[in-house]
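Down below is the structure, laid out as structure tokens.
Where a number appears in this text, it was derived from the coordinates with a stated rule and is not lab data. For clarity, every value in this text was computed on a predicted model and none was experimentally measured. Here the Cβ positions follow ideal geometry from the backbone for every residue, glycine too, while neighbour counts run over all protein chains shown.
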Amino acid sequence: MNITEIRIEEVRDYDNDEFYYYIYCVKDNGQRIEVGRSKTKPQCYKQLAIYK
């Protein structure tokens, strides 16, 4: 199975006074893989590797 998406969600939980970014991957079968949480906004990069 392949990872089809990497998502970063901004979470503002005012009831528990929490603010963080939730990072996770989604496989092609819908399964979610939690990467983690971050208090600072993650930087997103796209890297292309070409092998010959």
Applying the selection to segment 10-38, what residues are exposed (fewer than 10 other Cβ atoms within 10 Å of the Cβ) and under 13 Å from the mean Cα position of the chain (by Cα)?
E10, E34
Within the set of pairs 6+ apart or on separate chains, which have a first residue in segment 3-18 that is without any contact (Cβ under 8 Å) to a residue 24 or more places away in the chain, a second that is among the aliphatic types (A, V, I, L, M) and surrounded by 10 or more Cβ atoms within 10 Å (Cβ to Cβ), and C-beta atoms under 6 Å apart?
E5/V26
